[in-house]
Amino acid sequence: MHGLSGIKERPHLDAFAQAFIEYGYTAVRFDSTNTFGESDGKYEDATLTNSFEDLEDVIKWAKTQEWYIEPFCLCGHSLGAISGALFAEKNPALVKGLAPVSTIVSGALWIEAEKKSRPAEYVEWERTGWRIASSESTPGLVKRLKWSPFKEDILKYDLLQNVDRLTMPVLLITGENDGIAPAEHQEIFYKALPGRKELHIIKNGPHTFCDFGQLAEIKGIFAQWIKIL
């Protein structure tokens, strides 16, 4: 599952999916609403709640397909990662393995990271009510996100509150240079997890992985993890 402003065709999502496919899994990727993919909605209205509810809807749909199997694995990036983890906390018996990559751990920690990594942008977002930024992956695309309700909504969520329900194997991956989901936040989450768990920090890695070498490294990490699920 992609993150905020993402689409299902991003290279890192392809690397995650291909790792599962090579071990015989059916992999499902989809565009959330309120982003820039094929689904409806406006990016300015995006929230974590809408991301999580979209995941629930897709799983409901998957249950009607002949290839559907329980328990299944969930994998996502950033906002999609926390969405998957929230689903696993709510439905632990349905989830065989959980792989939140560059995950947001809580709304409060996300705000802490935003203030530290992008202080001027954060202040401007709060002052004007809008975050306006050019897309790094799509030249010419301008992303406009509302301060409200995004901030109020994300503050409602904290994976640490029900972390004891994440008893399935969990694979955490983040970039060494990730300012949005930094390694120190992943380490807090990792230490709280009760079951079999791994944490991999990709050297020189950013929040969103695009480098072919880093993607190959991540795919290899996934392959080793999937083998022993």
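The values are calculated or read from the model by the stated rules, or taken from the named source; none is laboratory data. Only a predicted model underlies this, so the values are computations on that prediction, with no experimental measurement involved. Note: ideal-geometry Cβ built from the backbone for every residue, glycine included; neighbour counts use all protein chains shown.
Quick look at the numbers
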{"item": "Residue within the range 150-157 that is on the phi < 0 side of the Ramachandran plot and surrounded by fewer than 13 Cβ atoms within 10 Å (Cβ to Cβ) present", "result": "yes"}
{"item": "So Asn204, is it of a type in the set (S, T, N, Q), surrounded by fewer than 20 Cβ atoms within 10 Å (Cβ to Cβ) and within 17 Å of the chain's Cα centre (by Cα)", "result": "no"}
{"item": "All positions within the range 102-117 that are polar (S, T, N, Q), buried (at least 18 other Cβ atoms within 10 Å of the Cβ) and either assigned to a loop (DSSP other than H, G, I, E, B) or touching a residue at least 60 places away in the same chain (Cβ under 8 Å) (or both)", "result": "Ser102, Thr103"}
{"item": "Selection status of Ala27, surrounded by fewer than 19 Cβ atoms within 10 Å (Cβ to Cβ) and within 16 Å of Ile218 (Cβ to Cβ)", "result": "yes"}
{"item": "Unique residue being of a type in the set (A, V, I, L, M), farther than 30 Å from Lys96 by Cβ and at pLDDT 95 or above when the list is Leu155, Leu160", "result": "Leu155"}
{"item": "Verdict on Gly41 being farther than 19 Å from Leu172 by Cα and either at pLDDT below 95 or surrounded by 22 or more Cβ atoms within 10 Å (Cβ to Cβ) (or both)", "result": "no"}
{"item": "Unique residue being more than 22 Å from Leu48 (Cβ to Cβ) and either in contact with a strand residue (DSSP E or B) (Cβ under 6 Å, 6 or more places away or on another chain) or not β-branched (Val, Ile, Thr) (or both) when the list is His185, His200", "result": "His200"}
{"item": "Pair list, Cβ < 6 Å and 6+ apart or interchain, from the range 33-50 residues that are farther than 13 Å from Gly6 by Cβ to residues that are modelled with pLDDT of 95 or more and of a type in the set (Ser, Thr, Tyr)", "result": "Asp40/Thr33; Gly41/Thr33; Leu48/Tyr157; Asn50/Thr33"}
{"item": "The range 212-229: number of residues that are farther than 17 Å from Leu98 by Cβ and either touching a strand residue (DSSP E or B) at 6+ places or on another chain (Cβ under 9 Å) or aliphatic (A, V, I, L, M) (or both)", "result": "4"}
{"item": "Those residues of the range 81-136 which are at pLDDT below 95 and at positive phi, in sequence order", "result": "Gly129"}
{"item": "Selected residue [of a type in the set (Gly, Ala, Ser), within 20 Å of Cys75 (Cβ to Cβ) and either in contact (Cβ under 8 Å) with a residue 24 or more places away in the chain or in a helix (DSSP H, G or I) (or both)] from Ala99, Ala120", "result": "Ala99"}
{"item": "Residue check, Ile180 crowded, with 20+ Cβ neighbours inside 10 Å and hydrophobic (A, V, I, L, M, F, W, C)", "result": "yes"}
{"item": "Count of residues meeting criterion [among the small types (Gly, Ala, Ser), over 16 Å from the mean Cα position of the chain (by Cα) and surrounded by 15 or more Cβ atoms within 10 Å (Cβ to Cβ)] in the range 63-93", "result": "0"}
{"item": "Every pair of residues 6+ apart whose Cβ atoms lie under 7 Å, when the first sits in the range 170-191 and is in contact (Cβ under 8 Å) with a residue 60 or more places away in the chain while the second is acidic (Asp, Glu)", "result": "Leu171/Glu198; Leu172/Glu198"}
{"item": "Scan of the range 27-80 for residues that are closer than 20 Å to Thr208 by Cα, outside any helix (DSSP H, G or I) and of a type in the set (Phe, Trp, Tyr), ordered by number", "result": "Phe30, Phe36"}
